[in-house]
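One structure is given below, encoded as structure tokens.
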């Protein structure tokens, strides 16, 4: 029997989790010290594929080098000082132009 969207599936295949049930499972993985089931599955596949599975969290493993690159402390300090000076210059320019507009009125 078709309803315009393709053949109908048996009733047991159309049952979805109750509303909010997936949210409870996600919160359990976030709040409790249990590992994420997808991380366990990924580590299992990596071990089966001959790759050394990583230890620790997903973000730590994949984003650590992006957030904390291997750059010398001197370069990081210089970049930080540059960003702070640029930010200060932009704010000073904004304040200066605001004061000029107010004094012209």
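What's the number of the condition residue 81 fails, among (1) assigned to a helix (DSSP H, G or I); (2) modelled with pLDDT under 90?
(2)
From the list 88, 66, 76, which residue is out of contact with any helix residue (DSSP H, G or I) (no Cβ under 9 Å at 6 or more places or on another chain), farther than 22 Å from residue 34 by Cβ, at pLDDT below 90 and surrounded by 10 or more Cβ atoms within 10 Å (Cβ to Cβ)? Quick ask: steps written out before the conclusion?
Numbers: 88 fails: at pLDDT below 90; 66 fails: surrounded by 10 or more Cβ atoms within 10 Å (Cβ to Cβ).
Answer to the check: 76.
The values are calculated or read from the model by the stated rules, or taken from the named source; none is laboratory data. Here the structure is a predicted model, which is why all the values come from computation and not from measurement. Cβ: placed from backbone, ideal geometry, glycine included. Neighbour counts: every protein chain shown.
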